[in-house]
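Read the structure below first, then the notes.
Where a number appears in this text, it was derived from the coordinates with a stated rule and is not lab data. Please read these numbers as outputs of a predicted model, since none were measured by experiment.
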Amino acid sequence: MGIYAVESLKELAEQLVDEGLYGDIPENLTYYIDFDAIARDLSVEYTETSIAGGRYVYACR
């Protein structure tokens, strides 16, 4: 949890998958991941904002 300098929750979802939060996923399977669905799930605990022209996502709990 924290503050992420990303454009959207979808971009955060992609970053978290890349960082291994969802386990070790072979690259050829990442094409089948529904990042929009992960972003919707993340929206329960995260929110998006703009500060001084930058886009950020942060944990709101």
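Tabulated results
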| quantity | calculated |
| --- | --- |
| For the chain, diffusion coefficient by Stokes-Einstein and Kirkwood Rh (Cα), 37 °C, 0.692 mPa s, µm²/s | 272 |
| Whole-Hz couplings from phi, Karplus 6.51/-1.76/1.60, listed for the range 36-41; x for Gly and Pro | 5, 5, 5, 4, 4, 5 |
| Under Karplus coefficients 6.51, -1.76 and 1.60, residue-wise ³J(HN,Hα) of the range 13-24 in Hz, glycine/proline x | 4, 4, 5, 5, 5, 4, 7, x, 4, 9, x, 7 |
